[in-house]
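Report on the structure given below.
The values are calculated or read from the model by the stated rules, or taken from the named source; none is laboratory data. This one's a predicted model, so the numbers in the text were calculated from it and none came from an experiment. Positions of Cβ are backbone-derived with ideal geometry, glycine not excepted, and every protein chain shown enters the neighbour counts. Please note that ligands, DNA and RNA were not included when accessible areas were found on the heavy atoms of the full protein model with its side chains. Shrake-Rupley method; radii C 1.70, N 1.55, O 1.52, S 1.80 Å.
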Amino acid sequence: MKIGVLQTGRPPEALRPAHGDYDAFFARLLAGRGIEVVGYAVLDGVFPQSPEEADGWLIAGSKFGVYEDHPWIPPLEDFIRACRAARRPLVGICFGHQILAQALGGRVEKFAGGWIVGERAYALDDVDG
């Protein structure tokens, strides 16, 4: 099985010499399970030719916000929609799940309360939108 990792960010510079980029993180995590991991640095404009290049896709995290104006975000959204149309499995981590939501019609916005780490309870005021 081949998993394509769509890299939307990079780990901190201090970690890269020892641990590599996000595709290397996932390759180590999935090692020994018969899974080939291939990275695509979409933040640098490196995109797969089609959803069929991998059996499934993983969109990694990023320091960027999906609501920010970066030239690689619209093509990534197009690729997400192409994966959906091709019925290719796709999972997002942090930034990845946000870009999935945005590409498929959801609204993502910056949280006015700033960065949150750890458990946090939220109340939904308007669930019907």
Could you let me know the centre-to-centre spacing of segment 43-74 and segment 16-36, using Cα atoms, in angstrom? 18
PRE zone check, label point 7 Å out along Cα-to-Cβ of residue 112, amide N under 12 Å, scope segment 52-96, hits none
Table column - 3J(HN,Hα) (Hz), segment 109-124, Karplus curve with 6.51, -1.76, 1.60, x for Gly and Pro: 9, 5, 6, 5, x, x, 5, 10, 10, x, 6, 8, 8, 10, 9, 9
For the chain, what does -39500 (n - 2.57) per DSSP helix run (n ≥ 4), summed and divided by total residues, give at 222 nm, in deg cm²/dmol to the nearest 500? -7500 deg cm²/dmol
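Hey, got a sec? Which chymotrypsin sites (Phe, Trp or Tyr not before Pro) in segment 67-129 land in a DSSP loop and have at most 11 other Cβ atoms within 10 Å? Kindly include the intermediate steps, with their values, before the conclusion.
On the way: sites: 67, 72, 79, 95, 111, 115, 122; in loops: 67, 72, 111, 115, 122.
Sparse-neighbourhood loop chymotrypsin sites (Phe, Trp or Tyr not before Pro): 111, 115, 122.
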Heavy-atom accessible surface of the chain: percent carbon and sulfur, 1.4 Å: 53
I'd like the Kirkwood hydrodynamic radius of the chain, using the inverse of the mean 1/r over distinct C-alpha pairs, in Å. 15.8
Enter the accessible area of residue 97 (Å², nearest 10), with the probe set to 1.4 Å and all protein chains included. 100
Please identify the GluC sites (Glu not before Pro) of segment 53-129 that satisfy two criteria: DSSP loop assignment and at most 15 other Cβ atoms within 10 Å. Which are they? 68, 109, 119
Residue-level accessible surface for residue 69, protein heavy atoms, 1.4 Å, Å²: 150
